[in-house]
Amino acid sequence: MTGLSIQVLADFYECDPNVLDNEDLIRESMLEAAQKCGATIILHNFHKFSPQGVSGMIIIAESHFAIHTWPEHSY
């Protein structure tokens, strides 16, 4: 590898809209993933949109994790 890191971009289709609209579940799952991979968590912020959808970011010393959901499209 020649760069400092690898960027992974993933699109998930046909997901459970109830999960995609659950801010707490998304936050807890992403924080757990960051911890399990040994990342150094600096801060995190998540927002539940009305009527639906969640966006969030975890800033880690190594880079960041981000998510945007569209429950109305199961995406």
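Taking E32 as the residue in question, decide whether it is at pLDDT 95 or above and part of a helix (DSSP H, G or I).
On the way: at pLDDT 95 or above: yes; part of a helix (DSSP H, G or I): yes.
Yes: the conditions hold for E32.
Starting from the stretch 49-68, keep only residues that are of a type in the set (F, W, Y), then list their pairs with residues that are in a strand (DSSP E or B) and crowded, with 17+ Cβ neighbours inside 10 Å whose Cβ atoms are within a distance under 7 Å, requiring at least 6 positions of separation or different chains.
The qualifying pairs are F65/I58.
Can you tell me which residue in the stretch 17-29 is surrounded by the most Cβ atoms within 10 Å (Cβ to Cβ), limited to those that are part of a helix (DSSP H, G or I) and touching a helix residue (DSSP H, G or I) at 6+ places or on another chain (Cβ under 8 Å)?
Step one: of the stretch 17-29, the residues part of a helix (DSSP H, G or I) are 17-20, 23-29.
With the extra rule that they be touching a helix residue (DSSP H, G or I) at 6+ places or on another chain (Cβ under 8 Å), the set shrinks to 17-20, 25-26.
Values: P17: 16, N18: 9, V19: 14, L20: 22, L25: 13, I26: 19.
Per the stated criteria, the residue is L20.
Just a yes or no: is a residue in the stretch 26-49 of a type in the set (A, V, I, L, M, F, W, C) and touching a Pro at 6+ places or on another chain (Cβ under 8 Å)? Give the steps one after another, and end with the answer.
Step one: of the stretch 26-49, the residues of a type in the set (A, V, I, L, M, F, W, C) are 26, 30-31, 33-34, 37, 39, 41-43, 46, 49.
Narrowing the set further to residues that are touching a Pro at 6+ places or on another chain (Cβ under 8 Å) leaves none.
No, every residue in the stretch 26-49 fails to be of a type in the set (A, V, I, L, M, F, W, C) and touching a Pro at 6+ places or on another chain (Cβ under 8 Å).
Within the bounds of the stretch 1-16, is there any residue that is at pLDDT 95 or above, surrounded by 14 or more Cβ atoms within 10 Å (Cβ to Cβ) and not in a loop (DSSP other than H, G, I, E, B)?
No, the stretch 1-16 contains no residue that is at pLDDT 95 or above, surrounded by 14 or more Cβ atoms within 10 Å (Cβ to Cβ) and not in a loop (DSSP other than H, G, I, E, B).
Looking only at residues in the stretch 39-72 that are within 12 Å of E23 (Cα to Cα) and either open to solvent by less than 60 Å² (accessible area, probe 1.4 Å) or modelled with pLDDT under 95 (or both), which one is farthest from the chain's Cα centre (by Cα)?
Here the answer is P71.
The values are calculated or read from the model by the stated rules, or taken from the named source; none is laboratory data. Just so you know, these numbers come straight off a predicted model, no measurement behind them. Neighbour counts run over all protein chains shown; Cβ positions are idealised from the backbone, glycine included. Remember, those area values only see protein heavy atoms, side chains included, never the ligands or the DNA or RNA. Shrake-Rupley method; radii C 1.70, N 1.55, O 1.52, S 1.80 Å.
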